[in-house]
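In what follows, a structure is listed as structure tokens, so that the remarks can point back to it.
A short reminder: the numbers here are calculations on the coordinates, not readings from a lab. Here the structure is a predicted model, which is why all the values come from computation and not from measurement. FYI the Cβ positions are ideal-geometry reconstructions off the backbone, even for glycines, and counts take in every protein chain you see.
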Amino acid sequence: MYSASDLRKGLKIQIDNEPYVVTEFQFSKPGKGQSLYRCKLKNMITGVILDPTYRSGDTFEPADLEERKMQYLYNQENEFCFMDVENYEQTFLSHEQVGDAQNYLTDNLEVDILFFKDKAIGITLPNFVDLIVTRADPWVKGDSATSDTKPVTTETGYILRVPPFVEEGGKITIDTRTGEYVTRVKE
Amino acid sequence: MSPGSKNRLFPQEQKRLAKRERHLWLRARMIHEIRRFFLERKYLEVETPLLIPAPLPEVHIDAIRAGDRYLQPSPELCMKRLLSAGYPRIFQICKCFRNEERGGLHLPEFTLLEWYETGIDYKILMEECEALIVSISEGIGTGKKIHCRGKEIDLTPPWERISVVEAFNRHASLNMETAFEKGCFDEVMVREIEPNLGVNTPTLLYDYPASLAALARLNPHDSEFAERFEIYISGLELANGFSELTDPQEQRTRFEKDQLKRRRYGKEVYPTAEKFLKALAYMPEAAGIALGVDRLAMIFSNSPKIDDVVSFTPEEL
């Protein structure tokens, strides 16, 4: 159990059987009054935001969360399938749950899948992934303001800007936290 | 020597303290001006012990234990014993300690300015507060118009005066009586009222419900209210003052009520401050106030967090 004084940004708690993460937190205590803990909470499944005010006697159950190492297998009708690398169990995440992460999902990529009470609810990517460039237009010299980069398309369909020397068929490293090009991969 | 000019080993700490140095200078000058103000008005500066045997039984203020004593949550009891002994005007700048109070506006160890004057009531004390803040602002050269937390505030007296009842009527979605009945007085104060206080001039919020004033005198014309007030600047609570209760019997009854509440909430019940109660019988009419020095430094330096105006926070030790 957590008490109100444990509340802080990033703490994950359970309310009405759903997991919430504390996204904002403010301690206040009006003149000789009781301690108040004003929070913004984000539902980790639905994304719904709450802004409750708690008091010093309040207690909270920690959210029953677990991360498992899993491999990405395939995507079918907007369901993304992952397999546990230890016991080969398969699990699915929806298009919405995967979100921007689908820009970086390639076959057999190892990711962390977040479970709440044995139900998959989210995905954490490795910070860096390698993707093959499937389409790269030749660089036009002196091409206006963005002349030091050009757009390319990767094997996942993700489009980003890269330096002019990147060619079709080449492999590049991307930072999944920013979505930006990091370096060319030498094979 | 500026902080860390010789030492390159702690770049993070060096950077943090270099940023705070300007605020610490302002804080030091502010404290100098406070002393000048009170010494010119013939107040005696006193130091009372930080380690005390019997803290006030305030329901929502928890003391920190130190051996068989406590670190003082406020210097109130010892200072009033000095009034009882015949000291007419005293002030103190000291550290106070309150358990589990930490946030953007709170430190568990903080600096309080507390002063008392005999023969005056809370209305006169309000005027003295106006004079003090103006005198500090002139002394440190910020002028009477200050920028604080996104607002421009004019410190020129008279400041806005509004009773707690009026503040609920003007700023809250329900009146004070209803808030009390629903048990959400504090929540409404924090969420709906405080952000509207002290936005053009500082605000003096006065006449609190009798149950929210442990050591204040009740209004002789309306015993539902206590002669207590708070100062707000840009939504920030700066000070809490009142006409002092001088009836030891009434004070003992209030202490017992609060001790009972503490027991009911499962909180530690402190020994009763018997020597204080004994001295109270000899205390003349007086008014006194506690003002947060760290908060005042936040206001004058336009700092969003209390961390910005101290050398080290508990987490940085």
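Overview of values
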quantity: Any hit, segment B:26-34, residues being touching a residue at least 40 places away in the same chain (Cβ under 8 Å), over 25 Å from B:PHE312 (Cβ atoms) and touching a Phe, Trp or Tyr at 6+ places or on another chain (Cβ under 9 Å); calculated: no
quantity: Counted residues, segment A:46-69 - those being more than 20 Å from B:LYS267 (Cβ to Cβ) and either within 13 Å of another protein chain (Cβ to nearest Cβ) or loosely packed, with under 14 Cβ neighbours inside 10 Å (or both); calculated: 14
quantity: In segment A:1-21, residue surrounded by the fewest Cβ atoms within 10 Å (Cβ to Cβ) [restricted to those that are of a type in the set (A, V, I, L, M, F, W, C) and within 14 Å of another protein chain (Cβ to nearest Cβ)]; calculated: A:ALA4
quantity: Checklist (1) within 25 Å of B:PRO158 (Cα to Cα); (2) of a type in the set (Gly, Ala, Ser); (3) within 14 Å of another protein chain (Cβ to nearest Cβ) applied to B:SER243, failing item; calculated: (3)
quantity: Candidate set: segment B:186-204, residues that are within 8 Å of chain A (Cβ to nearest Cβ) and surrounded by 22 or more Cβ atoms within 10 Å (Cβ to Cβ); chosen: the one farthest from B:TYR232 (Cα to Cα); calculated: B:ASP186
quantity: Any hit, segment B:63-73, residues being of a type in the set (A, V, I, L, M) and either assigned to a loop (DSSP other than H, G, I, E, B) or buried (at least 18 other Cβ atoms within 10 Å of the Cβ) (or both); calculated: yes
quantity: Of all residues in segment A:22-43 being in contact (Cβ under 8 Å) with a residue 24 or more places away in the chain and away from chain B (no Cβ under 14 Å), the one that is surrounded by the fewest Cβ atoms within 10 Å (Cβ to Cβ); calculated: A:THR23
quantity: Failed criterion for B:GLU152 (all others in (1) away from every other protein chain (no Cβ under 14 Å); (2) crowded, with 19+ Cβ neighbours inside 10 Å; (3) not basic (Lys, Arg) hold); calculated: (2)
quantity: Residues of segment B:81-133 satisfying the condition of being within 19 Å of B:LEU280 (Cα to Cα), among the small types (Gly, Ala, Ser) and not in a helix (DSSP H, G or I); calculated: B:ALA85, B:GLY86, B:GLY119
quantity: Residues that are farther than 19 Å from B:ARG191 by Cβ, of a type outside the set (Val, Ile, Thr) and within 13 Å of the chain's Cα centre (by Cα), drawn from segment B:207-237; calculated: B:ARG228, B:PHE229
quantity: Test set (1) within 13 Å of chain A (Cβ to nearest Cβ); (2) more than 29 Å from A:GLN26 (Cβ to Cβ); (3) not hydrophobic (A, V, I, L, M, F, W, C) - B:TYR265 fails condition number; calculated: (2)
quantity: Within segment A:1-49, strands (runs of 3 or more DSSP E) holding 1 or more residues that are in contact with a helix residue (DSSP H, G or I) (Cβ under 8 Å, 6 or more places away or on another chain); calculated: A:18-28, A:36-43
quantity: Where B:SER137 falls short, out of the listed (1) part of a helix (DSSP H, G or I); (2) closer than 21 Å to B:SER303 by Cα; (3) free of Cβ contacts under 8 Å to residues at least 40 places away in the same chain; calculated: (3)
quantity: Identity of the residue in segment B:50-62, more than 12 Å from chain A (Cβ to nearest Cβ) and assigned to a loop (DSSP other than H, G, I, E, B), that ends up farthest from the chain's Cα centre (by Cα); calculated: B:PRO53
quantity: Flag if B:CYS78 is surrounded by 17 or more Cβ atoms within 10 Å (Cβ to Cβ) and away from every other protein chain (no Cβ under 14 Å); calculated: yes
quantity: Residues located in segment B:36-57, provided they are loosely packed, with under 15 Cβ neighbours inside 10 Å and within 21 Å of B:GLY139 (Cβ to Cβ); calculated: B:ARG36, B:LEU39, B:GLU40, B:LYS42, B:LEU44, B:GLU45
quantity: Residue list for segment A:170-187, restricted to those being without any contact (Cβ under 8 Å) to a residue 24 or more places away in the chain and not in a strand (DSSP E or B); calculated: A:THR178, A:LYS186, A:GLU187
quantity: Residue match in segment A:123-136 (condition: surrounded by 14 or more Cβ atoms within 10 Å (Cβ to Cβ) and closer than 25 Å to A:ASN43 by Cα); calculated: yes
quantity: Test result for B:GLU109, within 15 Å of B:ILE61 (Cα to Cα), away from chain A (no Cβ under 14 Å) and either surrounded by fewer than 17 Cβ atoms within 10 Å (Cβ to Cβ) or touching a Phe, Trp or Tyr at 6+ places or on another chain (Cβ under 7 Å) (or both); calculated: yes
quantity: Among (1) within 29 Å of B:GLU130 (Cβ to Cβ); (2) among the hydrophobic types (A, V, I, L, M, F, W, C); (3) buried (at least 20 other Cβ atoms within 10 Å of the Cβ); (4) away from chain A (no Cβ under 14 Å), the one test that B:ILE306 misses; calculated: (4)
quantity: Residues located in segment B:167-206, provided they are closer than 13 Å to A:SER28 by Cβ and in contact with a helix residue (DSSP H, G or I) (Cβ under 7 Å, 6 or more places away or on another chain); calculated: B:VAL188, B:GLU192, B:ILE193
quantity: Looking only at segment B:216-240, and only at residues there that are within 14 Å of another protein chain (Cβ to nearest Cβ) and in contact with a Phe, Trp or Tyr (Cβ under 7 Å, 6 or more places away or on another chain), the one that is nearest to A:LYS29 (Cα to Cα); calculated: B:LEU238
